[in-house]
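The values are calculated or read from the model by the stated rules, or taken from the named source; none is laboratory data. Note that the structure is predicted; figures quoted are calculated from it, not measured. Cβ: placed from backbone, ideal geometry, glycine included. Neighbour counts: every protein chain shown.
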Amino acid sequence: MPLTLTEEQKMLKEAASEFLLTNSPIESFRELRDNNYQSYDPKVWEGFVEMGWTALTIPENYGGLDFGYTGLGQILEETGKTLTKSPLISSILLSATAIRLSDNETLKAKWLPELMSGKTLMSLALDEKSFFDPNSVESSASLSGDSFIINGKKRMVIDACDSDYLIVVASLDESISLFLVDSKSKGIDIKNDVFMDAGSYSSISFNNVKVPAKNQLDIEIEGKAILKSILDIGAIGLSCEMLGSVQAAFNQTMDYIKEREQFGTKIGSYQGLQHRAAHLFCEIELCKSITLKALQSIDDENENLSQYAHLAKAKLGEVLKLTSNEAIQMHGGIGVTDDVNIGFYLKRARVVQHLLGDTNYHLECIAKQKGY
Amino acid sequence: MPLTLTEEQKMLKEAASEFLLTNSPIESFRELRDNNYQSYDPKVWEGFVEMGWTALTIPENYGGLDFGYTGLGQILEETGKTLTKSPLISSILLSATAIRLSDNETLKAKWLPELMSGKTLMSLALDEKSFFDPNSVESSASLSGDSFIINGKKRMVIDACDSDYLIVVASLDESISLFLVDSKSKGIDIKNDVFMDAGSYSSISFNNVKVPAKNQLDIEIEGKAILKSILDIGAIGLSCEMLGSVQAAFNQTMDYIKEREQFGTKIGSYQGLQHRAAHLFCEIELCKSITLKALQSIDDENENLSQYAHLAKAKLGEVLKLTSNEAIQMHGGIGVTDDVNIGFYLKRARVVQHLLGDTNYHLECIAKQKGY
Amino acid sequence: METTTKVDLGNFRLETRAWLEENCPMSAREPVKRSSDMYWGGRNAKFTSKDQKIWFEKMLEKKWIVPYWEKKYGGGGLSPEENNILTQEMARLGCRKPLFSFGIAMLGPALLKFASEEQKLNYLPEIVEGKIWWCQGYSEPSAGSDLAGLQMKAEDKGDHYLINGSKVWTSYADNADWIFCLVRTNTDVPKHNGISFILIDMSTQGVSVRPIKLISGKSPFCETFFDNVKVPKSNLVGTLNDGWTIAKYLLTHERQMIGGVGGTEIKKEISKIAIDQLGLSSGQLNDSFLRTQIAKFEMDENIFELTIQRIVDEDKSGKQAAALSSFFKYYGTELNVKREELLIQIGGNDALLWVPNENNDANVARKFCRSKGNTIEGGTSEIQLNIIAKRVLNLPS
Amino acid sequence: METTTKVDLGNFRLETRAWLEENCPMSAREPVKRSSDMYWGGRNAKFTSKDQKIWFEKMLEKKWIVPYWEKKYGGGGLSPEENNILTQEMARLGCRKPLFSFGIAMLGPALLKFASEEQKLNYLPEIVEGKIWWCQGYSEPSAGSDLAGLQMKAEDKGDHYLINGSKVWTSYADNADWIFCLVRTNTDVPKHNGISFILIDMSTQGVSVRPIKLISGKSPFCETFFDNVKVPKSNLVGTLNDGWTIAKYLLTHERQMIGGVGGTEIKKEISKIAIDQLGLSSGQLNDSFLRTQIAKFEMDENIFELTIQRIVDEDKSGKQAAALSSFFKYYGTELNVKREELLIQIGGNDALLWVPNENNDANVARKFCRSKGNTIEGGTSEIQLNIIAKRVLNLPS
């Protein structure tokens, strides 16, 4: 398969770009933030649903478009440019993927259409520590009659404040299992926090929470295997968003240095900045390649999916850090004020690079895969 | 003590600079190399002795000047500028230090004056692997009557081709000991090799080599302790040489970009090069500070000597690598030809940064010292 | 052999120590935590605690608000050696500054060097007594790196100057009483030759202030606007149109402060923080890639500290520290930015919190964002590199 | 649904594979190790083995020396698809090139695009037959990055040009028969408008050659001097004074080759080499700092490979790969330089040997030194960054 977008994928991307620039430009992000850190704009989310973006990765037999993750990646990339806040990551990229990968037919038949409709929202509850460490899950489930009892604490659960259901990762019989849990269940305590990206995240404690046994996502297949795939796909999806942010921050910076004058000349004419800008351009070319390859690997069921996922999140983490820093520095004084938007990319950068593992985490995974 | 040179130390440094530029400019290095990789110029070495440089670190009661290592460091720095080859590192920095640190009074009384005179040359035989790893010594000594029998293999022994004696590090009774061994002893086989810096190094095998028991350097004190001090001091001495090379390569490059024209203008006027040059300038300022602090720590018997030694060799390794690369790149095409001298610094850089441990090795030591 | 002077200094140290022990209230011996912990003086001065008032008044009475200025200007007349001892003894007890003031740190040195005797006698004692809160007006929206390109105009109207324009990054302008400004007094000459240094009472008609919010949140910075503001001609400091000389003097001073030279803040070792946060396994930090970054950072941080010491010592020994303020500003701020990046990484999601909650003051993320300004304010890193390239390395232009 | 063309191509592959299996001598299926393994042709051509001769002659007879040129120029007339298959099948068997030639790689494309039909018929078949060993003359000692600043002069003397000056980096000039050169034919116009492209027989009186030694040791590079060399006017290629057009075409071509696009060399993974050299403890490389550097390097190397693929695919799909040759040249060579640095570090003192001994061919150190030229030759990294800044990013000048 050529490492390019198909015509359909390009059209989707262009439509997304147009929709977002019209309905959710970066100024909308500022409004949501200034409106007491509102988590998303329901009108825009309705638009996402109408455009079919919530259905892209849902198989046809559940009413979805089966368009593939390469398509969803294009949407995420465009939202990374406008920093549009929506449940797309929590509900679709992570939760719908979790349910799609489940072998619990009843759950899939019921919830995939619900998620697609955009009316039911879900969040993946995985992290427990300050660092991403999916191999150590202390939250536990135990079977009691026809229910599981869940105990434990989760942190930094994305969008949990809005979610109707939580997909909870818990240990069960020395392995790992995933459960669909009504977020209004007794014993659940949700505390919301605002992070640097003005996004909403929650700490959740589960105190003897009762979950119907039929809400287990993994029946025959291994919970660990599902989780691994969710995390690979999630990392790739976030990389796409990061690619969008990288490009937007870079382009806005290039526009600025083409206009800003000091010493009677455009600062973009200084070779010191030009060489750094040209280097960034090259790094961004690399970012485009790895995100596309990683997306295609999901859709192709490429055996190296996991390696590409690690490469994508590692590289994008590095380049988004560099780009967001260079963007501020090249903007100079105005860049550190809240009057302009460029700082938004910096703040989102440090959060999104952390989510589902930072550059170091993913480099570590690659090194381990390669045996060194 | 202020972190500056004393007047005496400054005078010594100036004298060294003048002597070396007159008697051993970098063209002399080229001549030695082109003369079948000759290891040093005996005339220049005689000059070193006459100037008193071989006596700087020798205590007064053995006839030395007791001027201190800060003085020796200035000489080494100047030789790093002219890339002057001499036995100063092998015989004085390493071997004389080893004997000075010994508690074998007979050896000290006999050999320190000999080394000072420049007529007897010695080398430290430590390395056994391709990597610097002083904690694993496989060469062994065992007592048999009034002799030790030494077996093992050593590598990259500096200047061994010229040395009358070898100071051999060997394991003895689960510890480490140092022995003064006549390099013409039976059972010693020396093979000389030329390395990238056009320097002479030897691989040496010891096959049941008999050494009089009275030639053991460590009697009451621990061989390991002596070795640790030799290596700290050695690393600092090499850092001084590296500082000289850093400055020479940098200055020659600045001179070049002030003269070289392309596109009708001096290339030194391009901001791309200017910013890199200015950054190098800053790094070199740091290098000056750590080498001086480390030298003073030897003379002051500072309890943090070891930490400063690691910092010096780590930092100089990093900055010499950067500087030697930038020097070639800024010279452009002419820089990769053998017609000019700038490449000599590159080649010496990669060897000297390796000797007694590279940047990574010393960073590792610091991390361990700090407990992380 | 001890000299008499040394004996005197020894006595001075003992007396100083005793006086501080007796007079510095316990609450003034703790680090500044909130902005209300700092007393800035000014026309609308309010002490936020009784101890703050006691400490200021005791020190004022002792003439130790600015101990090293001459007595006629309200200073304590201490010799450099004595002042040094006082600084050390205050640091030993952890005494706060009794008065925070740009008048002391920035305007004072300029007045001492460039002002008329009359101006010195007029302004300096008021600075010492904390009567006037001064702020600074150099940069303009279109004159950042190119400070000399400033446009704020002071027109000679016979008995006064008429001032129009705006200044940005005027810290605490919303609280300040007076501002010292660089203004353009001649537009017909090369830009460096038409700048003057002038003092403006902020209560004059036509002065207005807008606070600036930074990416880190609220800030002391403001933008200050001047709309037909009349200023007496006697407020000009130094020679007309030669204000650039004063500006250069002040900038060098500022760069060294930002670069960390003479800074008193003791920074906790990054590796110690990392050990606490990440933990060890087999004696090594749990994130082996971060371990590499930390080791390199600490190497540079340690050696930069030594370099400050070396340059200071060389200065003492009479050797000229040639135009090194740009080196300190550049390297010091780049290091600090790296430090904050590492702290964000070491902190995991704890470090990413933005709105404080009961367990977390969200300080790491805010400090991180604020640090991004370090390599910009007081002259960008790029400007410092230009200066080094041209003035130190003599590269052609 | 298979098209007829695809069936044809399938047959072509089978036939090609069979022919190569039958005709390529076993010794020509091994990688080139020594310079004598390469056959360069030329007036003084000598085959260094019987198989070398057989392989060249078989391929010449089959018209596969330059399979994709038109038959009238001595080529094989293969379609791009067929040529692609031939390349793949040769790679599958590991067949060496039967003829190494700058005539094929560099001069040929220029002649095909810019020369007269007569010149094409005159020179191209000789290139294919390996009769002439061509070398290249662009750079001059004072015209490196600023190639258009070249000074070597060709004066119009009526029936011939009189050439004076020198060229540097003329690879294999000491063996070559002819040289293709950029020369200055007009000094009264902007420098880009006074350059022409000309072919010179090296046996002409006044041509002399000095080999250049590099920091890595001997090299194919030479400096070539022209002292009153007479060249027939018919040797000019393209339009007089429009040689810069040809130069740009050739440089773009060269950059892509140096940057690794279309390169066939398969590089061993650095991490594998490191595991062999350094060993593991608890599953991790013994040098944990080097481990970090290797992981980052391999990340970039892997993704750069994907980027070559992506750009090639985009090109196929009709999307213009805008001025990306500078990107490939810059990033590809910087990566290679980093690779060689890592190999030096990974190799310990084994990698530092310079004069070969019985156990060690001293190849790592030599390759390391040679790599330092990568970011200079074919346009320095700085020049590539300039081009990206100006032509791709449209930054102002």
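Results for (1) modelled with pLDDT of 95 or more; (2) among the basic types (Lys, Arg), shown as yes or no for each residue.
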position	(1), (2)
C:Ser196	yes, no
C:Asp201	yes, no
C:Val209	yes, no
C:Lys218	no, yes
C:Pro232	yes, no
C:Val237	yes, no
C:Asp242	yes, no
C:Val261	no, no
C:Ile266	no, no
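Mind listing whichever residues of region B:337-350 are facing chain D (nearest Cβ under 9 Å), part of a helix (DSSP H, G or I) and of a type in the set (Ser, Thr, Tyr)?
Scanning region B:337-350 gives no hits.
Tell me which residues, restricted to region C:194-217, are part of a loop (DSSP other than H, G, I, E, B) and under 27 Å from A:Gly335 (Cα atoms).
The answer is C:Ile212, C:Lys213, C:Ile215, C:Ser216.
Can you name the residue in region A:77-102 that is polar (S, T, N, Q) and under 14 Å from A:Ser24 (Cβ atoms) and, of all such residues, is farthest from the chain's Cα centre (by Cα)?
Filtering first and then ranking leaves A:Thr82.
Only one of these is surrounded by fewer than 22 Cβ atoms within 10 Å (Cβ to Cβ) and in contact with a strand residue (DSSP E or B) (Cβ under 9 Å, 6 or more places away or on another chain): C:Gly243, C:Gly194, C:Gly217. Name it.
C:Gly194
Within region A:300-310, is even one residue facing chain C (nearest Cβ under 9 Å) and out of contact with any strand residue (DSSP E or B) (no Cβ under 7 Å at 6 or more places or on another chain)?
No, region A:300-310 contains no residue that is facing chain C (nearest Cβ under 9 Å) and out of contact with any strand residue (DSSP E or B) (no Cβ under 7 Å at 6 or more places or on another chain).
Hey, C:Lys248 hits all of (1) touching a Leu at 6+ places or on another chain (Cβ under 8 Å); (2) surrounded by fewer than 20 Cβ atoms within 10 Å (Cβ to Cβ); (3) more than 14 Å from chain A (Cβ to nearest Cβ) but one; which does it fall short on?
(1)
Considering region B:344-372 alone, what residues qualify as being of a type outside the set (Lys, Arg) and closer than 14 Å to B:Gly80 by Cα?
Passing the criteria: B:Phe344, B:Tyr345, B:Leu346, B:Ala349, B:Val351, B:Val352, B:Gln353.
Condition check: within 14 Å of chain B (Cβ to nearest Cβ), small (Gly, Ala, Ser), free of Cβ contacts under 8 Å to residues at least 60 places away in the same chain and under 15 Å from C:Asn336 (Cα atoms). Does C:Ser371 satisfy that?
In short, no.
For the condition part of a loop (DSSP other than H, G, I, E, B), under 30 Å from B:Asn23 (Cβ atoms) and among the β-branched types (Val, Ile, Thr), what is the one hit in B:Thr97, B:Thr57?
B:Thr57 is the lone residue from the list that is part of a loop (DSSP other than H, G, I, E, B), under 30 Å from B:Asn23 (Cβ atoms) and among the β-branched types (Val, Ile, Thr).
Mind checking whether some residue in region B:260-269 is at the interface with another protein chain (Cβ under 9 Å from one of its Cβ atoms), of a type in the set (Asp, Glu), within 26 Å of C:Ile383 (Cβ to Cβ) and in contact with a helix residue (DSSP H, G or I) (Cβ under 8 Å, 6 or more places away or on another chain)?
Checking region B:260-269: not a single residue is at the interface with another protein chain (Cβ under 9 Å from one of its Cβ atoms), of a type in the set (Asp, Glu), within 26 Å of C:Ile383 (Cβ to Cβ) and in contact with a helix residue (DSSP H, G or I) (Cβ under 8 Å, 6 or more places away or on another chain).
When region D:365-384 is examined, which residues are found to be in a loop (DSSP other than H, G, I, E, B) and not polar (S, T, N, Q)?
D:Lys372, D:Gly373, D:Ile376, D:Glu377, D:Gly378, D:Gly379 - these are the residues of region D:365-384 that are in a loop (DSSP other than H, G, I, E, B) and not polar (S, T, N, Q).
State whether the residues of region D:87-110 include one that is farther than 27 Å from D:Asp177 by Cβ, surrounded by fewer than 22 Cβ atoms within 10 Å (Cβ to Cβ), of a type in the set (S, T, N, Q) and not assigned by TED's automatic domain parsing to the domain that holds D:Asn193.
Within region D:87-110, one or more residues are farther than 27 Å from D:Asp177 by Cβ, surrounded by fewer than 22 Cβ atoms within 10 Å (Cβ to Cβ), of a type in the set (S, T, N, Q) and not assigned by TED's automatic domain parsing to the domain that holds D:Asn193.
Out of all the residues in region C:312-344, which are more than 20 Å from the chain's Cα centre (by Cα), modelled with pLDDT under 95 and more than 8 Å from every other protein chain (Cβ to nearest Cβ)?
Within region C:312-344, C:Asp315, C:Gly318, C:Gln320, C:Ala321, C:Ala322 qualify.
Quick check on region D:47-86: of everything there that is of a type in the set (Val, Ile, Thr) and within 14 Å of D:Ala28 (Cβ to Cβ), which residue is surrounded by the most Cβ atoms within 10 Å (Cβ to Cβ)?
Among those that are of a type in the set (Val, Ile, Thr) and within 14 Å of D:Ala28 (Cβ to Cβ), it is D:Ile65.
Can you tell me which residues in region D:157-175 are surrounded by fewer than 21 Cβ atoms within 10 Å (Cβ to Cβ), in contact with a helix residue (DSSP H, G or I) (Cβ under 8 Å, 6 or more places away or on another chain) and outside any loop (DSSP other than H, G, I, E, B)?
D:His160
I'd like to verify a number: residues in region C:1-45 that are touching a Phe, Trp or Tyr at 6+ places or on another chain (Cβ under 9 Å) and free of Cβ contacts under 8 Å to residues at least 40 places away in the same chain, how many?
Selection size over region C:1-45: 3.
Could you grab me the full set of residues in region A:61-87 that are within 10 Å of A:Leu295 (Cα to Cα) and among the aliphatic types (A, V, I, L, M)?
Answer for region A:61-87, where residues must be within 10 Å of A:Leu295 (Cα to Cα) and among the aliphatic types (A, V, I, L, M): just A:Leu72.
So which residues in region A:236-254 are among the small types (Gly, Ala, Ser) and within 14 Å of another protein chain (Cβ to nearest Cβ)?
Those that are among the small types (Gly, Ala, Ser) and within 14 Å of another protein chain (Cβ to nearest Cβ): A:Ser239, A:Ala249.
Restricting region C:117-143 to residues that are assigned to a loop (DSSP other than H, G, I, E, B) and within 18 Å of the chain's Cα centre (by Cα), which is nearest to C:Ser381 (Cα to Cα)?
Ranking the qualifying residues of region C:117-143, first place goes to C:Ser139.
If you check every pair at least six apart or on different chains, which have Cβ atoms under 9 Å apart with a residue in region B:351-372 that is in a loop (DSSP other than H, G, I, E, B) first and a residue that is among the β-branched types (Val, Ile, Thr) second?
That search, which allows pairs on different chains as well, returns B:Gln353/B:Thr359; B:His354/D:Ile344; B:Leu355/B:Ile89; B:Leu355/B:Ile158; B:Lys370/C:Ile275; B:Gly371/C:Ile275; B:Tyr372/C:Ile275; B:Tyr372/C:Ile294.
Quick one: C:Gln151 ticks every box in (1) within 14 Å of chain A (Cβ to nearest Cβ); (2) farther than 21 Å from C:Pro190 by Cα except a single one, so which number is it?
Every listed condition holds for C:Gln151 apart from (2).
Take the residues of region C:281-299 that are at pLDDT below 95 and more than 10 Å from chain A (Cβ to nearest Cβ): which is nearest to the chain's Cα centre (by Cα)?
C:Leu285
Could you grab me the full set of residues in region A:4-34 that are exposed (fewer than 15 other Cβ atoms within 10 Å of the Cβ), part of a helix (DSSP H, G or I) and among the polar types (S, T, N, Q)?
Listed by number, the list holds a single entry, A:Thr22.
Of the residues in region D:108-148, how many are out of contact with any Phe, Trp or Tyr (no Cβ under 7 Å at 6 or more places or on another chain), among the hydroxyl-bearing types (Ser, Thr, Tyr) and within 14 Å of another protein chain (Cβ to nearest Cβ)?
3
For region C:220-227, indicate whether the set of residues that are over 30 Å from C:Lys372 (Cα atoms) and either crowded, with 18+ Cβ neighbours inside 10 Å or not basic (Lys, Arg) (or both) is non-empty.
yes
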